[in-house]
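This report concerns only the one structure given below.
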């Protein structure tokens, strides 16, 4: 998704809020790259077994 952003852009098209908040011409492409990066990070956390630790640390102050 990060490497072939143009293909995703051609298939799904522009995203209005991404164009508004992330840039004029490349906001949607940047948004697709960010989604891909988020997927990589979540995948690595799941594979290494650190997902529970990170989630627990992030939500620890909110949940007792």
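Read-outs throughout are calculated quantities, based only on the coordinates presented, and are distinct from any laboratory measurement. Quantities reported herein were computed from a predicted structural model and do not represent experimental measurements. Note: ideal-geometry Cβ built from the backbone for every residue, glycine included; neighbour counts use all protein chains shown.
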Worksheet item: Which FRET efficiency value, to the nearest 0.05, is calculated for residue 17 and residue 37 with the Förster distance at 22 angstrom and r the Cβ-Cβ distance?
Response: 0.75
Practice prompt. For helix 27-48, report the angle its Cα long axis makes with the longest principal axis of the Cα atoms of the chain; keep it between 0 and 90° and round to the nearest 10°.
Written response: 30
Worksheet item: Taking the highest mean first, how do the peptides 49-61, 24-36, 1-13 order by number of other beta carbon atoms within 10 angstrom per residue?
Response: 24-36, 1-13, 49-61
Worksheet, complete the sentence: Projected area averaged over all directions for the convex hull of the alpha carbon atoms of region 13-64, nm², comes out at 4.9
